[in-house]
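Undergrad: This is the structure, below, for whatever I ask next.
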Amino acid sequence: MTNKNTVLVGCGNMGYAMLQGWLASGKLQPSDVTIIEPADTLRERAAKLGVTTVKSSAEISDAPRLVIIAVKPQVIQDILPDYKPYAASATFLSVAAGTPVALFEQILGNQSAVIRCMPNTPAAIGKGMMVTFANNNVQPDMVHFTEDLLATSGQVAQVSDESLMDAVTAVSGSGPAYIFHFIECLTQAGITAGLPQDIAGMLAMQTVYGAGALAAASTDTPSQLRINVTSPNGTTAAALDVLMGDNRLQNLLTEAVEAARKRSVELGKS
């Protein structure tokens, strides 16, 4: 039997990446954490970090302070009832995509303390964007504690209206895929312009990476950075005339984000 402060339910790629960040930062010690993971290979991988690993919730003896749900959304309703005995004393942090707080309250009880988090895949390398929504039952100290944990995986923001999580999903949750596709397109444009594939790929990848890093580090807005690099009647201006003419790129991205937001709403109702 184990008695730990923090329980992580599910230790797949996202759960494991976050666990690595918590331990590397010192926010949690290995002795603070119990991993509940039925898959042998994933459990063995986590055990190498020094944490306690078990197959099921039945192997926990006392109520933890924090239960982190990092399983696939479709299994939430199957596994969550096992944790109802801890609902009176623990805070639940969910990183399961598209799973509303109401589902947790329905299964765990209306008095349960639940924080919903929408991470994105760059969290796996500590460069993620995590957005949270907490219900009224979460105590301020647990809000701060969970935000500190999440901050080891990237930036953290909060919304006070859970319905905004659909827009969050559309912008930052799905957003990395938009950027990956942009890299694909810029690479192909370079090839069409005559560059070898490997050189075009390197130029596209590093340009997106470098521009993002510069935007994050600069005190200038992205708009000002764009202006700074655009000489009148120069090459950049010629390209931006295509991208910005008739708000072409702005309209395309707005349409894409709205499509993702609407789909997030649909999935939340299913």
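The values are calculated or read from the model by the stated rules, or taken from the named source; none is laboratory data. Only a predicted model underlies this, so the values are computations on that prediction, with no experimental measurement involved. We place every Cβ from the backbone using ideal geometry, glycine too, and count neighbours over all the protein chains shown.
Undergrad: Does segment 202-214 contain any residue that is part of a loop (DSSP other than H, G, I, E, B), loosely packed, with under 15 Cβ neighbours inside 10 Å and more than 24 Å from the chain's Cα centre (by Cα)?
TA: No, the conditions are met nowhere in segment 202-214.
Undergrad: I've got another one for you. Can you name the residue in segment 6-45 that is polar (S, T, N, Q), surrounded by fewer than 16 Cβ atoms within 10 Å (Cβ to Cβ) and over 20 Å from ILE76 (Cβ atoms) and is also nearest to the chain's Cα centre (by Cα) among such residues? Steps first, please.
TA: Going residue by residue through segment 6-45, those that are polar (S, T, N, Q) are 6, 13, 20, 25, 29, 31, 34, 41.
With the extra rule that they be surrounded by fewer than 16 Cβ atoms within 10 Å (Cβ to Cβ), the set shrinks to 13, 25, 29, 31, 41.
Those still in the list that are over 20 Å from ILE76 (Cβ atoms) too: 25, 29, 31, 41.
Details: SER25: 18, GLN29: 22, SER31: 25, THR41: 23 Å.
Within segment 6-45, the match that is nearest to the chain's Cα centre (by Cα) is SER25.
Yes or no, residue by residue, for (1) within 26 Å of the chain's Cα centre (by Cα); (2) in the same structural domain as SER264 (by TED's automatic domain parsing); (3) at pLDDT below 95:
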site: GLN155; (1), (2), (3): yes, no, no
site: VAL159; (1), (2), (3): yes, no, no
site: ILE183; (1), (2), (3): yes, yes, no
site: ALA193; (1), (2), (3): no, yes, no
site: PRO196; (1), (2), (3): no, yes, no
site: ALA216; (1), (2), (3): yes, yes, no
site: ASN228; (1), (2), (3): no, yes, no
site: ASN233; (1), (2), (3): no, yes, no
site: ASN247; (1), (2), (3): no, yes, no
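Undergrad: How do the helices (runs of 4 or more DSSP H) wholly within segment 220-270 filter down when requiring 1 or more residues that are farther than 23 Å from SER174 by Cα: which remain?
TA: Because the criterion is at least 1 residues that are farther than 23 Å from SER174 by Cα, the helices (runs of 4 or more DSSP H) in segment 220-270 that meet it are 222-229, 235-244.
Undergrad: Here is a follow-up. Go through segment 234-258 and give me each residue that's small (Gly, Ala, Ser) and touching a residue at least 40 places away in the same chain (Cβ under 8 Å).
TA: The answer is ALA256, and nothing else.
Undergrad: Still on this structure: Given LEU80, LEU108, LEU49, which one is free of Cβ contacts under 8 Å to residues at least 40 places away in the same chain, buried (at least 18 other Cβ atoms within 10 Å of the Cβ), more than 27 Å from ALA170 (Cβ to Cβ) and not assigned by TED's automatic domain parsing to the domain that holds ILE179?
TA: That would be LEU108, the only listed residue that is free of Cβ contacts under 8 Å to residues at least 40 places away in the same chain, buried (at least 18 other Cβ atoms within 10 Å of the Cβ), more than 27 Å from ALA170 (Cβ to Cβ) and not assigned by TED's automatic domain parsing to the domain that holds ILE179.
Undergrad: So, one more: Looking only at residues in segment 147-192 that are β-branched (Val, Ile, Thr) and not in a helix (DSSP H, G or I), which one is surrounded by the most Cβ atoms within 10 Å (Cβ to Cβ)?
TA: If we take residues in segment 147-192 being β-branched (Val, Ile, Thr) and not in a helix (DSSP H, G or I), then VAL156 is surrounded by the most Cβ atoms within 10 Å (Cβ to Cβ).
Undergrad: Which residues, taken from segment 93-139, are closer than 17 Å to VAL9 by Cβ, at pLDDT 95 or above and assigned to a loop (DSSP other than H, G, I, E, B)?
TA: Result: SER112, single match.
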